[in-house]
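**Student:** Here you go, one structure.
Each reported figure results from applying straightforward, stated rules to the coordinates on display, with no laboratory input. Note that the coordinates shown come from a computational prediction; the quantities given were computed from them, not determined experimentally. Virtual Cβ from ideal backbone geometry, glycine too; neighbours counted across all protein chains shown.
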Amino acid sequence: MDPRIARTRHSLQRALFDLLGTRDLEDVTIADIVEHAGVNRSSFYQHYSDKDTLLADAIDSALAGDGAALPPLMELIETDAIAAIVAYLGHFEGNIDVYARVFGPHGSLVAVARLQQHVQGLAREGIESSRTQVFDGMPIDVAAAGIAGSVVAVVGAWIAMEPRPGLDVAAAWIWRVLLGPGAEQGGADPGCGSA
């Protein structure tokens with residue numbers, strides 16, 4: 001990608017992410033974004049058709065910038081799962097005002113769907129590589145979508161809680177959702193990996 005294009009996109013992404021720290025998405029205008037980014041309005045439309053897609057890209061960029069991507073499901077199982085999930089959730093906690101708005105009643109279905117899409121890809125990869133029989137008779141994409149929807153819903157519910165439980169608690173909830181029913185009867189220990 002041309003460095004100028006990358007810089008402009010990053011500026012727009014950072015601007016919207018910053019603005020969401022203090023305002024709902026519906027209250028942020030394109031004019032606000034371009035002013036904060038230091039670019040002109042036509043630059044916005046050269047790169048984005050709407051604020052929701054910009055927000056989804058901004059979240060991707062922020063997660064990557066913080067090194068907060070969830071590892072593939074099989075890596076979670078083979079390592080200290082809680083620590084990996086805590087690192088992921090730490091990004092959300094560090095930007096809680098933004099994510100309270102993203103997941104809130106005036107948030108962005110597009111951005112939440114993008115988060116779910118990422119988790120779904122990890123879940124699909126994990127199901128395929130594990131060769132588990134738990135989902136026999138069910139399309140892998142359906143099982144992965146169920147897992148992803150559950151994980152993202154837990155993140156959204158945790159963000160909305162007042163008072164908000166700690167990262168370890170939320171990570172343990174996500175781990176339980178990932179393991180599913182029967183986790184207490186011989187499920188993988190979230191901290192027993194080989195690492």
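**Student:** Give me the percent relative contact order of the chain, please, defined on Cα pairs under 8 angstrom at least 6 residues apart.
**Tutor:** Here the relative contact order equals 25 percent.
**Student:** Another question, if that's okay. Taking springs between alpha-carbon atoms closer than 10 angstrom, which of VAL134, VAL155, VAL102 fluctuates most in the Gaussian network model of the chain?
**Tutor:** VAL134
**Student:** Moving on. Give, in nm to one decimal, the length gained when the segment between ASP2 and ARG131 is fully stretched (0.36 nm per residue of separation minus the Cα-Cα distance). Intermediate results must be reported in sequence, preceding the final value.
**Tutor:** Values: separation 129, 0.36 × 129 = 46.44 nm, distance 4.12 nm.
Taking 0.36 nm per residue and subtracting the Cα distance, the gain is 42.3 nm.
**Student:** If you don't mind, another one. Summing +1 for each Lys or Arg and -1 for each Asp or Glu, what net charge is found among the other residues whose Cβ lies under 11 Å from the Cβ of LEU73?
**Tutor:** -3
**Student:** Could you give the length gained by full extension between GLU26 and ILE96, i.e. 0.36 nm per residue of separation minus their alpha carbon distance, to one decimal place?
**Tutor:** Taking 0.36 nm per residue and subtracting the Cα distance, the gain is 23.4 nm.
**Student:** ILE140 to SER61: FRET efficiency via 1/(1 + (r/R0)^6), r the Cβ-Cβ distance, R0 30 Å, to the nearest 0.05?
**Tutor:** Working: r = 29 Å, r/R0 = 0.96.
So, using R0 = 30 Å, E works out to roughly 0.55.
**Student:** What residue among THR79, THR22, THR132 shows peak mean-square fluctuation when the chain is described by a Gaussian network model with Cα springs under 10 Å?
**Tutor:** Its mean-square fluctuation being the largest, the pick is THR132.
**Student:** Suppose only helical runs count, i.e. DSSP H with n ≥ 4. What mean residue ellipticity at 222 nm does that imply for the chain under -39500 (n - 2.57) per run, divided by all residues and rounded to the nearest 500 deg cm²/dmol?
**Tutor:** Helix-only estimate at 222 nm: -21500 deg cm²/dmol.
**Student:** Between ILE85, ILE30, ILE159, which gets the highest mean-square fluctuation from a Gaussian network model of the chain, Cα cutoff 10 Å?
**Tutor:** ILE30
**Student:** Below 13 angstrom from the Cβ of ILE140, what's the summed charge of the other residues (Lys, Arg +1; Asp, Glu -1)? Working shown, then result.
**Tutor:** Values: positive: ARG124, ARG131; negative: GLU125, GLU128, ASP136, ASP141.
Once all neighbours under 13 Å are counted, the net charge is -2.
**Student:** Please tell me the relative contact order of the range 66-179 in percent, rounded to the nearest whole number, where contacts are Cα pairs under 8 Å and at least six residues apart.
**Tutor:** The value is 34 percent.
**Student:** Could I ask something else about it? For the range 66-179, with the dipole built from +1 on Lys and Arg beta-carbon atoms and -1 on Asp and Glu ones, taken about the Cα centre, which of HIS91, GLY67, ALA111 lies farthest toward the positive end?
**Tutor:** ALA111
**Student:** How high is the FRET efficiency from ALA157 to SER49, r the C-beta distance, R0 45 Å, rounded to 0.05?
**Tutor:** Approximately 0.90, to the nearest 0.05.
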